[in-house]
Structure formats: C-alpha cells, structure tokens
Amino acid sequence: MPETQPNDEAPETAAQRRARRAQFLRDLLEARELRDRVQPRRARAARMRQQMRMRTFRW
C-alpha cells in the first residue's frame, strides 16, 4: 500500500484528484502509443477488432 499522505495531513481535494487522474491518463495514452509503435501488427489487429465491435454495436 503506497503511503502518499501521513495521517495528520488533510484529505486530497477534488482538484488534486482530477490533476492526478489527468496525469495518469496522459501516461496511459503515451504508453499505448509507444506499444503501438513497437508492435504495429498487433496494434493494427486491435484497431480492426475495435472497428468490428463498433460496427456491430446496437444503440
């Protein structure tokens, strides 16, 4: 369990949580882009599967 805050510190504010979440999502996107660059065939297959899922999805 990571200790990000000692017990005597105030709880995280909503703005801090949003900022942390935004940073996490940026890192996740960067990692995904890197993976797509180093595994182009797998990335293409994943895109094709996603397109097929979207085509067959019913609203």
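Those residues that are in contact with a helix residue (DSSP H, G or I) (Cβ under 7 Å, 6 or more places away or on another chain) and of a type in the set (A, V, I, L, M, F, W, C), I need them from the stretch 31-48; list them, please.
43
Taking residue 24 as meeting all but one of (1) modelled with pLDDT under 95; (2) open to solvent by 100 Å² or more (accessible area, probe 1.4 Å), write down the number of the exception.
Against the list (1) modelled with pLDDT under 95; (2) open to solvent by 100 Å² or more (accessible area, probe 1.4 Å), residue 24 comes up short only on (1).
The values are calculated or read from the model by the stated rules, or taken from the named source; none is laboratory data. Just so it is clear, the model here is predicted, and its values are computed rather than measured. Don't worry about glycine lacking a Cβ; one is built from the backbone with ideal geometry, like all the others, and counts go over all protein chains shown. Surface areas here come from the heavy atoms of the whole protein model, side chains and all, with no ligands, DNA or RNA. Shrake-Rupley method; radii C 1.70, N 1.55, O 1.52, S 1.80 Å.
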